[in-house]
Amino acid sequence: MSIRALWIITHEKGEHVSVRFSRRFPTVEYRAKSLAGSSYQAVPEDSAVLQLLLTELGLADPGKPYVAQRDDCLNQRRTPALELHVDSSAKGILWPVLVISRGPLILACLPLVEAGEPRPPLSSLLSVSQGLTLLEGLQSFLGGSEIKTDGDGLAPRLALMPSVLQQVCPLGTPLDVPQARAPSTAGVPAAAGSPRQPAWRTGQHRGRPAVNVALTETVRCMQYGDPSKQDLWDVYGTVTCKCDVEGVLPNVTVTLTLPPNGSPLQDILAHPCVTSLDSSILNASSVDDGDGSAFSGPYKFPFCPPLEPFKLCSYTSQVPVPPILGSYQLKQQQEVNHLRVSVNLKLHESVKNTFEYCEARLPFFNRVQMSTVDVKVSSGHLDVNKEKNLLVWVLGQKFPKSREVTMEGGIRFSGQLPGPVDPLCTDLTAYLKLYFKVPDLTLSGCSVDQHSVQVYSCAKPKIVTCRELQSKEYFIWNSTGPAPVSSGQMIL
Amino acid sequence: MAVSWVERVASFLRSPSRFLASTTAEVFLVELLREQRDERLTYDVKLTMLSPLCEHPTLLCPSACTGEETCLELMSVFSHCPPKYTEFRCQLLLTLTTVLVSTGCVSAHSHASRDFLELLLKLAQDTYYDPADVPSALRSTRAAACECLRELEACCPGLLSQHLELLNGLRQQENPRHHQALSGLYAAVLRNGVHLLARQAGAGPEGLKALLGGNAAVAWEAEPDSPALTDRVASAPLPSVLGPSGLGPSLQTGPDCKELRSVLSSLLEESYLLTPLSQAALFHALTEVVAMVSGVSPAIFKAQLLRLLGTSKVCLFHCTLLMKAAFTDSLFSAEDEAFLLRRLVALCQHPQVSTAAQLFYTDCLVHFPENRPIGAADGGEALPVLFTPRLAAALAPTMFDEPATMLARLNVSALVHLEEHGEREGGAAGGGLACLWDHLLLRLHVVEHGGDRAGVVTFFRASFLFLCHFGHVERYAADLRRRLCALYLRHCRLAPHVLNLADRAQDGAVRPGWAVALLRCLQGAAVSAGDDLAAVSQKDLHWHLRVLARVAEEGQIGQGSTVDFLFAVATSASPASRNEDWRLASDLLAVCRHLLAHPGLDVLLCPLADVLQHVARRHGDTDVRDHARLYYSLLTALSREKLAGVLANGGGGGANGGRQDNKCALSAMVVESQDLTSALTIHKARTPVFHLVAKGRAGGWAESTPAPEDDDEAAAAAGTDPGAPDADVLSSYRSQLLSSGSAAEIALSYELRHLDAGPPGFDRLFSLRLHFEPSAGRFAALPDVCVPRLFREGASAAAAPPAVTLTLRPRAPYPGTLRCSAIFTAQDELTWHAALPDVHVAFRQLFKPLPVPASWGPALRLRAFERLWDEFCSGGEAGSVGEGGGGDASPDRASSLFCGRLGEAELEALLKEHFAPFRVADPGDVTGHRVLLFLPPRSHVLLRIRPQEDAVQFHMATDNWRLLPHVNDFLLSVTDWEARNGVDS
């Protein structure tokens, strides 16, 4: 349940790699040595670990097309745990080195294996899930996905690491994850005689009480316009809360409700501050047909809020239709570099026709620049990006009354410079991607009523709730070309 | 100073080994500890300075003794540190714990560890709470003390087990600000206590009761030398009882363990207040306790399960899986199991779960702890029975997955469809399998259209995985082979990937025969390029040859087409540069080499000989030609058996050995085999093996060079008969000096002997070739010297050390050094190169008698001496000797005087010892002695030695004043030596 060492590494697409922070835990190492016996392998110095990690991650020697150690097909990286071969002997292996990597940041740690030979399965080691939790916590502390290696963000956060680790992982046993923002200003320690304070609520709020509940639904979609390929879409939602309420152990309940006939929320994950969950809430799952008598709310989440904003719960939902149904057709004209394009987008009648923004992007890969764009749109306006390889159709805040828009025309490619390359999108394999956000709407119909938020505290807080729908990876594939999906997928 | 410390610490942490190369651990430790007392340093800097001890304690404190001393020092720092520096104080406690544990100091006999434990327990009980304290509950000395105690307990299980009552009391205090730290500590101590108890034979409910109620001092504090101690404190950390074997120690208590149940309930009740990570650790420890104590029902966890299952935290959900593995159906009904599995599958692909966590969940899925496992129980991968294709559909791989996710999902889907396919064996392949195949083809499509390196690697890994599961489904296996060949022809640069896949498939994971079939396909693809060689690029040709070299390792594959292809390549009239291309030819010869070892060689004999002959005759590169000639002679001269023997010598035999060889060839181009390489390589001996020892007395003078035979004639020709007048003596001397080559040479005699402390394995050496390099141009270049053999003394009975005579041609009459090395064959039949100790040529070794023909009598020599003396001392008009007599006065002439304290007898000894060959006798002068030293190439030193009352005067005259210091040194050394000798005797 402890980790032996921790590394924070930055790189820029495999170049300029460096260990920016590392920490070893010698007491855990002492235990590792004693538990592993003859199969013990000490942790080498940072530079050696770095090289081994890069090899395993496929980042070493970026200039060489094939390196046996790096590219062997036997080396199946199917788990979050790597094996580092410190020396060529069968015993010189560090395992399990957990790695999470996002953008320029690579975080790695080596959990303690509390068993000797033979090697136990990963799933039997609590230190692995603890290590992952710690690494994910560190990742969001260091700036999540928007991190820049040389920007202002990372260096000051890295400078805080020794002090942060002293609190969250003082001797290699992770106790907590670091908080992204320091709670010291808001928190006031509890007075003696009050009830137990949660370890994750480090103080009390003083000031105007307020509760903010925001519900965000995200829709992902793959439309092929091909009867042999089933379109796919899914919706998932997240409820984010910020609760400024007084008390050592305040109690808040947020209730999610669905409209009548709404399909049940599935795969619900709750924040650990939720005190109790009804089994009926957890029963619905997206991976199973489930039974017809599925519970459809209300979904109650009683909890004691932490001081900082947090993700109260998330869920998935199955909605019968995608919000925007589209078709995209590219036709090769007689001239080699001439394409006929035709797009049709239809907003479903159940969706509110008020967008914060809505646009369709049509990238063209593996071709030279566009020279002439002779395309008409029935609504909104069309932009061509500077590099002349992307059409942006800005639909604005509203679809027309008919709820249907079209784009027709021809595009010639005869520019000088080659455009972007994507081995997936060759010839007529192409897609358009929709970006939109609709305020005050959820596809599942799920909502948080302002009056349903209960706060058990002396002062009456101000309660604000909101909801919105946004798109992510909303693809509409050209129906005249092969789409990258296996035809057999739906036979299952 | 502070800044420099921060930098020094950072540089230490970056690479301790490099840092300690410039200083020693001892010095650094002393400095670190000393600076902790420096009041000018801020506590922030002092805190940083603890990190070296905190991260590398064993480097700085290599012994328990140093560890102990360091701890005592740090504790004294702690006692002097004001309480307001909380962070520093916490770090000190953590450092102390680290040093104590890592240096193995935690024992009853260590003062430091006793004092430290006392301090920690005091801090843990300290309920004093400063309202001005930092609000974070974790940032406090008390919490740090608890954490230190927990770690000490983890490293020395049982250390605090006598303290459970006390810890429980602290935990249940009315308002403990540190209940998380105390709960964690209590659970860890409880778990270890129960574990140790369960390992004791005959322990029962009383033992458990005593454990829970124990409130003595630290285990070894009360009775440090008690033999009972070994039962209570384990010497090493305890492994998890929830291991894959499933059966840990168990404690038979009967149904009555109220106390334990109530403690567990209260811990579980408040678990909600802990952070998820601490909760997970608590649940894990309590799961272990309940698993060991038969009297407590696992149902005690029931109330917490839903909360844990509903959580978004991977470590909490994982706890339920671990509980399931430990308790199976005593905690989870069949319905619960189905629910848990559904939940797990949902988490494997939940859009709100991170990729790493998804991968972890997927791994948990293939190791799912079933209530009634019927799959692989040996830790291998197997899917739970309840996992249906419907559930698997959620985990189908897609093109948008990251490589690791895709491989994990492909693996799960393959495991599902493997069963499905098995059931329908003989009928149509399952739809699921077709789906996976489609996915593989999509990946292939990306690779074909210029996918990046990651895409290529992922495709080949996916292919390998697919083959491992479905290599027996001929339809797909054959199709994949075909497509891989097509891919190779289109992108020859992918050859290493394709060959790697073939190698791995052949290693056993895939149905036998697939790899050979693939290689056969590849052979066809490669040789098809031979139809139009001109169109094949140089690079592609390299790849084809590499592929064919691998194919040639397979005895089952006919090689006729390969040889035809080789012939086409060798004879093609393509670009002239190709004929010069060493790499290409090496690749070609590598194929030939594999063909030589091919079992079907008989059929290939003639065409292969044609290829080799062609290369041997026509290729532009000498090395390649030689190589081809070697193969040609091997092929034509040796019988099959002998050839196989020669080749197997290097390959090590077998497919694997061949494979290894192939890799060598890829990297070293013309490498034949390990043995041949080492036979052809000159190995370097790290230390000298033998040396040259001067023959006779050390530093003895040169052998007198025999006078040239024609000296008489030369002298006669110059008209210098003994009766010639004085003036002619010098000119005749000079003219014969010019004509005689041997005068400028000195011959030094040495013996070649083994060094006493030479490396082993060199006792019998043969064909030694000694090479000399004169230093700084003092001597003309020497020819190499050959010595037939050298045996170590005693290694061979009658062998005298071989004599080596070095003939030096000095360029200037000064001492110098010869650098020596040798190449020789040792008894292991390898060729070695070794340096010898340098040979120093001393000043005295340069001395020669006056180089005059033997026919010159003493009188003539005396005359020559006198004439020279007059000339050197006069500074007169005659030219220097070397200049043939004529010319200007030489500025190099000089005379000097040296006095030494010598008695008459000593002088006689000295003359005999050092100057005998150089004396010029003068019957008329009984008191004085004349010595004439000739130093090649053409310098002279003349000495008149005259004994006085208490000393001897050495009058010197020379035509090269630069020699005077050397002469002086020499005289000093010999007269001193004489004096010493005199004292000794």
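The values are calculated or read from the model by the stated rules, or taken from the named source; none is laboratory data. Quick caveat: nothing in here was measured; it's all calculated off a predicted structure. Backbone-built Cβ (ideal geometry, glycine too); neighbour counts: all protein chains shown. Ligands, DNA and RNA are excluded from the accessible area calculation, which covers all protein heavy atoms including side chains. Shrake-Rupley method; radii C 1.70, N 1.55, O 1.52, S 1.80 Å.
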Notebook entry, point to check: So what does B:TRP582 come to for accessible area, using a 1.4 Å probe and Å² rounded to 10?
Noted result: 90 Å²
Next item on the list: Quote to one decimal, in nm, the extra length available between B:SER250 and B:VAL27 on full extension: 0.36 nm per residue of separation minus the C-alpha distance between them.
Entry: 75.2 nm
Check: In the structure shown, do any of A:LYS311/B:LYS324; A:LYS64/B:LYS539; A:LYS229/A:LYS346; B:LYS695/B:LYS848; A:LYS398/A:LYS462; A:LYS242/A:LYS300 have a Cα-Cα gap over 25 Å, and if so which?
Finding: A:LYS311/B:LYS324; A:LYS398/A:LYS462
Notebook entry, point to check: Between rounded, prolate and oblate, where does the stretch B:499-654 land on the alpha carbon gyration tensor, with a ≥ b ≥ c its root eigenvalues, rounded for a/c under 1.5, else prolate if a/b exceeds b/c?
Noted result: oblate
Next item on the list: Would you list, by chain and number, the lysines whose Cα falls below 20 Å from the Cα of A:LYS388, excluding same-chain residues fewer than 8 positions away?
Entry: A:LYS331, A:LYS376, A:LYS433
Notebook entry, point to check: Per residue, how much accessible area does the stretch B:741-821 show when a 1.4 Å probe rolls over the protein heavy atoms, in square angstrom?
Noted result: 49 Å²
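How long are the three semi-axes of the equivalent ellipsoid of the stretch B:583-652, in whole Å, if each is the root of 5 times an eigenvalue of the C-alpha gyration tensor, listed from largest down?
Values: eigenvalues 77, 33, 22 Å².
So the equivalent ellipsoid measures 20, 13, 10 Å along its semi-axes.
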Item checked: Tensor-based shape of chain A (alpha-carbon gyration tensor, a/c under 1.5 rounded, otherwise prolate or oblate) -> oblate
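By how many nm would the segment from B:SER572 to B:SER633 lengthen if fully extended, with 0.36 nm per residue of separation less the alpha-carbon distance?
Working: separation 61, 0.36 × 61 = 21.96 nm, distance 2.34 nm.
Gain in length upon complete extension: 19.6 nm.
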Margin query: Give me the percent of accessible area attributable to carbon and sulfur for the stretch A:202-270, probe 1.4 angstrom.
Written below: 51 percent
Item checked: Per-residue average of Cβ from other chains inside 10 Å of B:266-279 -> 5
Checklist line | FRET E, pair A:ARG119, B:VAL385, Förster distance 35 Å, beta-carbon r, rounded to 0.05 | finding: 0.90
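Determine the sum of side-chain charges near A:LEU312: Lys and Arg each +1, Asp and Glu each -1, restricted to other residues whose C-beta is under 12 angstrom from that of A:LEU312.
Values: positive: A:LYS242, A:LYS300, A:LYS311; negative: none.
Summing Lys/Arg as +1 and Asp/Glu as -1 gives +3.
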Notebook entry, point to check: Which value, in Å², gives the accessible area per residue of chain A when a 1.4 Å probe is used on the protein heavy atoms?
Noted result: 42 Å²
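I need the calculated FRET efficiency for the pair A:SER39 and B:ARG493, taking r as the beta carbon distance and R₀ as 35 Å, to the nearest 0.05.
Details: r = 40 Å, r/R0 = 1.13.
So the FRET efficiency works out to roughly 0.30.
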Next item on the list: Report, as an integer, the average count of C-beta atoms from other chains found within 10 Å of each Cβ along A:159-170.
Entry: 4
Notebook entry, point to check: Can you give the accessible area of B:VAL646 in Å² (nearest 10), computed on protein heavy atoms with a 1.4 Å probe?
Noted result: 70 Å²
Item checked: chain A, relative contact order in percent, only Cα pairs under 8 angstrom and at least six apart counted -> 14 percent
Next item on the list: Identify the trypsin sites (Lys or Arg not before Pro) of the stretch B:750-821 meeting these criteria: DSSP loop state and at most 12 other C-beta atoms within 10 Å of the C-beta.
Entry: none
Next item on the list: Name the lysines eligible as straight-distance cross-link partners of B:LYS122: C-alpha to C-alpha under 24 Å, and not fewer than 8 places from it in the same chain.
Entry: B:LYS84
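Work out the FRET efficiency for B:GLU419 and A:PHE295 from their Cβ-Cβ distance, taking R0 = 35 Å, and round it to the nearest 0.05.
Working: r = 33 Å, r/R0 = 0.93.
Between B:GLU419 and A:PHE295 the formula returns 0.60.
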Item checked: Relative contact order of the stretch A:357-492, defined on C-alpha pairs under 8 angstrom at six or more residues apart (%) -> 29 percent
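Can you pull out the buried accessible area for chains A and B, both sides counted, probe 1.4 Å, rounded to the nearest 100 Å²? Each step should come with its number before you reach the end.
On the way: alone 25630 and 46300 Å², together 61730 Å².
The contact between B and A buries close to 10200 Å².
Summing +1 for each Lys or Arg and -1 for each Asp or Glu, what net charge is found among the other residues whose Cβ lies under 14 Å from the Cβ of A:PHE25?
Residues close to A:PHE25 contribute a combined charge of +2.
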Next item on the list: As a check on your grasp of the helix formula, calculate [θ] at 222 nm for chain A: sum -39500 (n - 2.57) over DSSP H runs of n ≥ 4, divide by the residue count, round to the nearest 500.
Entry: -4000 deg cm²/dmol
Notebook entry, point to check: Which percent of the accessible area of the stretch B:1-126 is formed by carbon and sulfur heavy atoms (probe 1.4 angstrom)?
Noted result: 55 percent
